[in-house]
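Novice: First the structure, which I've put down as structure tokens, then a few questions once you've had a look.
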Amino acid sequence: MFIISEISPQFSGKVEVAEQMILQSKLAGADAIKVQLYDEVQFGKERAYLSMTFNDLKRLKQFAIGTTYY
């Protein structure tokens, strides 16, 4: 069985919160992490806080080493 943990915008664009969600997913036995991102083009300026920069996404990838990252 291959378990994928999905992290959607509950992290409110905050990398530190997303890292904790990844850590909890790893501790729960997830084999992979799927991070769902949005930008203001998709949801408008009022939800721009859900977006993440490319550098933040790279930081999450480095954090998730040891777990397959999608």
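Novice: Got at least one residue in the stretch 18-27 being of a type in the set (S, T, N, Q) and in contact (Cβ under 8 Å) with a residue 12 or more places away in the chain?
Specialist: Within the stretch 18-27, one or more residues are of a type in the set (S, T, N, Q) and in contact (Cβ under 8 Å) with a residue 12 or more places away in the chain.
Novice: How many residues are under 13 Å from the mean Cα position of the chain (by Cα) and within 13 Å of Ala64 (Cα to Cα) when one looks only at the stretch 18-50?
Specialist: Total satisfying the criteria: 13.
Novice: Here is a further query. Yes or no: the stretch 16-33 includes at least one residue that is modelled with pLDDT under 85 and at positive phi.
Specialist: no
Novice: Out of the residues in the stretch 12-49 that are in contact with a strand residue (DSSP E or B) (Cβ under 8 Å, 6 or more places away or on another chain) and of a type in the set (S, T, N, Q), which is most open to solvent (accessible area, probe 1.4 Å)?
Specialist: Out of the qualifying residues, it is Gln36.
The values are calculated or read from the model by the stated rules, or taken from the named source; none is laboratory data. Since this is a predicted model, take the numbers as computed values, not measurements. Note that each Cβ is placed from the backbone with ideal geometry, even for glycine, and that neighbours are counted across all protein chains shown. Note: accessible area is taken over every heavy atom of the protein model, side chains too, but ligands, DNA and RNA are not part of it. Shrake-Rupley method; radii C 1.70, N 1.55, O 1.52, S 1.80 Å.
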